[in-house]
Each structure stands twice: as C-alpha cells, then as structure tokens.
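What follows is one structure encoded as structure tokens, with my remarks underneath.
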Amino acid sequence: MEKLYEGKAKIIYSGPEEGTYRVYYKDDATAFNGQKRAQIPGKGEINNRISSELFRYLAEHGIPTHFIRELSGREMLVRQVEIVPLEVIVRNRTAGTFSKRYGVEEGLSLPRPLVEFSLKNDALGDPLIYDEALLGLGLVGEAELGRIKGLALQINALLKDYFAQRNLELIDFKLEFGRLPDGSLVLADEISPDTMRLWEFGSQKKLDKDRFRRDLGGVEEAYREVLRRVIGGAA
C-alpha cells in the first residue's frame, strides 16, 4: 500500500481497487487545532466501527457517501474523492465554540438547525467563512453550496432520529464532503464521537470528544458506550 496522507486521526493509503482509498483509523486524539494531543486506547477501532455503521445507515436512507465496506477493525475502503475544503457544522443546541463566540450558555435549543462553514485550513485555525466568501473565492459553486446545505440538513434529521432511539441527543456535528470524478457530491471523512457532540437524554452526560477536550475523564468508556448503543440498536 502507498501512504498518501496522514492526518490527526487517520492515515490514507491507496486502495486495492482502482478509484479507492484505504482509510486507517488511529488511536491519536487531538484538540484545539492539534495543541492538545494524547492516545486513547482502542479509539481507532471504535471510530471505524461507528463510522461504518452510520455511513451504511445514511446510505440506506438516500445519502450518497464515499463508504464502500469495512476492511478490518481499523480500516475501511472508500471511494476516491476530492475533498471540498470546508468543514460543515450543523448545530441543534448551543455548545462549544458557538457558546463562547456569542457569550451564551451551553444547551440552549435553537429554533431550527443552524448550518455553519469553516475553511478547512489548519494553518489559519479553520476560520468561519460565510456563503458570499465561499462563492467569491470559487471554493464552491452556488448550486453545489445549496446541495451541501440540503444534504447537511437531511443528515441532521436522520442522525437526530437515529440517536434519539438510542437515548442520545445530537447537539452538533461536523461533516466533510467530497467530489467524485463526475463532480457529484458525497459525504466523506468520518462520523464518530470525534466529530459530534452526543449528550445522554436526562442526565446530559457527554459521550463525545468533549470528555478529552475538557479533561472530564472516561474518554474511552464514553466512546465504547456510543459504540454499544450504535451496534445494539434502538433502546
């Protein structure tokens, strides 16, 4: 296998079939644009299994994704895509940087899901970017931007229902999209406790990466609990 790219949480290799990549999930954990780092035993395998299950679920409900199949406990086979240089954030409640930015408490319910965009650029700290700037810089076209927003809201509705059946509330999450050779958009990257906030209904216990960011402890246990609920099905 030829190593093509290594990121904070994954390594991308050439795939066994033409037009594919092999994605290996690492145990590395990072926060605050890589300023905080650690190893969480088993995280790579957990995130690979959760992402695989959620990609399958979304595909069954009409969402196009890059996912093809699991290859091993830590690896998945995906379609080769050109990543759109955007992080797409969907928020259902106030939390994290949103709360800090606007000086509001965490957990406030938003009247409708909010879609934000960040420029995918570590050197710049992944800054927020607004629609007109995206279009002006030629990062996306108008139709493509509308498609991304529409897919993000569809995914939000599907995942909110999915997790609610497992007694978890989807607070917010980050998505990335890629372009296939024919230009069509598909959901890419991963969907895991690394990329979303999940709170347990009632207790509001955090079962996501905030346990690492905020030194709450029990990070591996929280991730394994999410996996247990994902694999175990609806409560």
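The values are calculated or read from the model by the stated rules, or taken from the named source; none is laboratory data. Treat the numbers as computed from the prediction; the structure is a model and nothing was measured. Here Cβ is always computed from backbone atoms with ideal geometry, including for glycine, and neighbour counts include all displayed protein chains.
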Worksheet item: Tell me, which residue of the range 203-217 that is under 30 Å from PRO64 (Cβ atoms) and in contact (Cβ under 8 Å) with a residue 40 or more places away in the chain is surrounded by the fewest Cβ atoms within 10 Å (Cβ to Cβ)?
Response: ASP210
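Sort through LEU145, LEU139, LEU159, LEU128 and tell me the only one that's under 25 Å from ASP210 (Cβ atoms) and without any contact (Cβ under 8 Å) to a residue 60 or more places away in the chain.
Numbers: LEU145 fails: under 25 Å from ASP210 (Cβ atoms); LEU139 fails: under 25 Å from ASP210 (Cβ atoms); LEU159 fails: without any contact (Cβ under 8 Å) to a residue 60 or more places away in the chain.
That would be LEU128, the only listed residue that is under 25 Å from ASP210 (Cβ atoms) and without any contact (Cβ under 8 Å) to a residue 60 or more places away in the chain.
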Practice prompt. Might you let me know whether the range 98-111 holds any residue that is modelled with pLDDT under 95 and touching a Ser or Thr at 6+ places or on another chain (Cβ under 7 Å)?
Written response: no
Worksheet item: Considering only the range 185-199, how many residues are part of a strand (DSSP E or B) and farther than 19 Å from GLY150 by Cα?
Response: 3
Fill in: Subset of the range 128-148 that is surrounded by 15 or more Cβ atoms within 10 Å (Cβ to Cβ) and part of a helix (DSSP H, G or I) - its residue that is nearest to the chain's Cα centre (by Cα)
ILE148
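Here are some residues: GLU200, GLU176, GLU220, GLU190. Which one is at pLDDT below 95 and either surrounded by 14 or more Cβ atoms within 10 Å (Cβ to Cβ) or not β-branched (Val, Ile, Thr) (or both)? Step through it out loud before you land on a result.
Working: GLU200 fails: at pLDDT below 95; GLU176 fails: at pLDDT below 95; GLU190 fails: at pLDDT below 95.
The conditions single out GLU220.
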Discussion item. Suppose the filter is closer than 30 Å to GLU60 by Cα and touching a residue at least 60 places away in the same chain (Cβ under 8 Å); does SER109 pass it?
Written reply: no
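Based on what the data block shows, is GLU220 over 29 Å from VAL84 (Cβ atoms) and either in the same structural domain as ARG93 (by TED's automatic domain parsing) or more than 14 Å from the chain's Cα centre (by Cα) (or both)?
Numbers: over 29 Å from VAL84 (Cβ atoms): yes; either in the same structural domain as ARG93 (by TED's automatic domain parsing) or more than 14 Å from the chain's Cα centre (by Cα) (or both): yes.
For GLU220, the condition - over 29 Å from VAL84 (Cβ atoms) and either in the same structural domain as ARG93 (by TED's automatic domain parsing) or more than 14 Å from the chain's Cα centre (by Cα) (or both) - is met.
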Practice prompt. Looking at (1) of a type outside the set (Gly, Ala, Ser); (2) under 15 Å from ILE171 (Cβ atoms); (3) modelled with pLDDT under 95, find the lone condition where LEU124 falls short.
Written response: (2)
Discussion item. Based on this model, can you work out whether LEU4 counts as surrounded by 17 or more Cβ atoms within 10 Å (Cβ to Cβ) and among the hydrophobic types (A, V, I, L, M, F, W, C)?
Written reply: no
Fill in: Subset of the range 1-34 [small (Gly, Ala, Ser), within 27 Å of THR97 (Cβ to Cβ) and not in a strand (DSSP E or B)]
GLY7, ALA9, GLY34
